[in-house]
Structure formats: structure tokens, C-alpha cells
Amino acid sequence: MFVDQATIHVKGGAGGAGAMAFRREKGVPFGGPSGGDGGHGGDVVLAADSQLHTLLDYSYRQHYKAGRAGHGEGSNRHGADGEDLVLPVPLGTVVMDAETGERLGELLEAGELLVAARGGRGGRGNAAFATATHQAPRHWEPGEWGEERSLVLELKLIADVGLVGEPNAGKSTLLAAASAARPKVAAYPFTTLEPNLGVVQLSDARRFVVADIPGLIEGAHEGKGLGTQFLRHIERTRTLAMLIPIDAGEIQGAYELLRHELLSHDAALAGIPFCVLITKVDLVPVPREVELEAPDAWGVFQISSVTREGLPDALEALWARLAKEKDARDGGEEERFPELEEWTP
């Protein structure tokens, strides 16, 4: 089951109390204070784990507490620190405070850590209060309580290519044909009820990750159909592929509907480059010239996921686009991506 949102309650461990003690040692008549400090409470830490792809575990259990610290003891023995509690989350998890809505951070790379609730500070023992004029202090400090808060975890999938389109546009069929993923494919709308990820493997060990987003209908940005439930997952894609079936009643209208729904959901999506894939060309016995005005698209391709007509060329073009963007971020090392000369958006 795919779960991309969860609310949990976390609490840092309590700090240990300081001790009040005095040295009782043979030959040392005035031993002085020897109460040790309490340990620090454990932290609740979120850790990005590349092996996870859902927040399902946090739908079963919502309360998490780090380890409590040990108290100080005599002979200047300090209490043990509390054990940290590490909670693994998928890459792309956004963490927010449930009460204030404050964005605490996001975990994008494997191994990245975010302290969600800090443990309490340990109290000082009476040995820490000794001075030249106050050599026998009898006071100590209790440990502090750990931080406690409710968190909203929101997963935004990290993928190279996001497939968007109306229901039955052929997104799941394309994902199954291009990768080892096996999403549900059927001849009725809303077959895909949750995002699916697949890895497209090309020659020379080239590969990229594709996300299949459930179908969009008119008014999706207002909550119709599956609404905005899964639109957040395209916010981190490097490029989009807008799928329009060739048997659609009005291809231009279908294209404009998709663009409208995406930009109505978040205007920032206008900055994500995209191409248009005209799908299901195997349904047309004679090759048909498609009339589509898409000036903002970096490419328009006609494909059939069933017969694979045009599919290899479209996948190569997607790889070239991704490579071009990566090349621009890395400082223009064009020799690393020779295929760019063949595919120029």
C-alpha cells in the first residue's frame, strides 16, 4: 500500500538529574562534593532511507519516544546519555510541525538526518557548584524534559520523469513497457490509484526513474477525481511527459486542460520542462499528422507502448534532456553526454 502522508507524535528523552554526594574516602577527611551530572536525553532523529518508498509504517504507529538519560551518582559519576531513536523515512519526505505548520526541513539524499525532537539537558550535580567560598554545596539540578511535538510527514516522490495525463491516456502501459515495473493496466478510467515508480534501463548502463501519476480530470486542482492528492509528486521531477492518446476527441483541448490543471495546482510547475507524448498510435491504421500547438514543450513524439513504435526514440530523447540539465548543473561538461548532439530539444 502506498501512503504518502502521516502524522506522528515524537518526544525526546528526559535528561537525568544531577546527584548530591560527598566523598567518603579513608585518609580524606574533607573530601568535598562528588555528585555527578545527569546524562542528556536521547534525540528523535529522522533518517532518509533510499530503500523506503512509502510512509506506510507510520500509519500503524504514531507515538515515538527516545531513551531517557541516567541520573548522576556519587564519586563524580555522570549518568549515561539516553539512546537516540532513529526513524527511517523515504527520500523526498517533507517534515512540518502539525500545530504551527512550520516547515522543519526535508530529506532528499540517502543518509541525511533531521533532528525532530531534542532530548532534555542533564542536570548538574552538587560537585559542579563547588567554589572557593562555597565548598560544600548541597543543591543539584533536575534533568530537563525532552522536546515534544506532533509532526506531519509528507512524501514527494523524487523521480527524473513524471508521466501526467487524463485517465486511460496510457501512462501505466508506458511504464510497464519501458521498465520492469508492473502497474495495473486495464481498459477503464482511474486504473492507477497511487503513484508507481519504474526504472528505465537504456544501453551503456544509462537509466532514469519514471513516476506514473494517477490520471487528471478537469477540476483536479479543486479536488475533483483524485484531485491534488498526488499532484505533489511531480513537483520534484526534472522533466514531465504529458500523455495524450491519439484517439482523444480534441488533442489541442486535452493538452490545454493538462497545462491548466498543473499550473492551477502550483504556478511553480511552469518552470519544469516538459514534452508531449501522443500515445496509442497503433490504433490508427494509417500514420496521422497531429496538429498540436505546444510552443513551451521541448519535444512532441508519437508512440505506441504496445507495438513500441516510436518508443525507443522517445526514451532516448528523455535521457538526452535529463543529461542536458545535469550537464548544465555540473558546469557544462558536454563530453560526458555525447548523445546530446543527436537529440536537441
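The values are calculated or read from the model by the stated rules, or taken from the named source; none is laboratory data. These numbers were taken from a predicted model, which means no experiment stands behind them. Positions of Cβ are generated from backbone atoms using ideal geometry, with glycine treated the same way; all protein chains shown enter the neighbour counts.
One table, with the values for the structure above:
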| read-out | value |
| --- | --- |
| Within region 307-345, tally of residues that are more than 15 Å from Ser203 (Cα to Cα), modelled with pLDDT of 50 or more and surrounded by 16 or more Cβ atoms within 10 Å (Cβ to Cβ) | 5 |
| Failed criterion for Ser150 (all others in (1) in a loop (DSSP other than H, G, I, E, B); (2) in contact with a His (Cβ under 7 Å, 6 or more places away or on another chain) hold) | (1) |
| Residues of region 12-50 satisfying the condition of being under 24 Å from Leu91 (Cα atoms), of a type outside the set (Gly, Ala, Ser) and surrounded by fewer than 23 Cβ atoms within 10 Å (Cβ to Cβ) | Val45, Asp49 |
| Residue check, Leu85 in contact (Cβ under 8 Å) with a residue 24 or more places away in the chain, within 25 Å of Gly18 (Cα to Cα) and surrounded by 18 or more Cβ atoms within 10 Å (Cβ to Cβ) | yes |
| Checklist (1) surrounded by fewer than 18 Cβ atoms within 10 Å (Cβ to Cβ); (2) in a helix (DSSP H, G or I) applied to Gln135, failing item | (2) |
| Number of positions in region 269-302 that are closer than 15 Å to Thr239 by Cβ and either out of contact with any Pro (no Cβ under 7 Å at 6 or more places or on another chain) or in a helix (DSSP H, G or I) (or both) | 14 |
| Residues located in region 1-20, provided they are in a loop (DSSP other than H, G, I, E, B) and out of contact with any Pro (no Cβ under 7 Å at 6 or more places or on another chain) | Met1, Val3, Asp4, Gly12, Gly13, Ala14, Gly15, Gly16, Gly18, Ala19, Met20 |
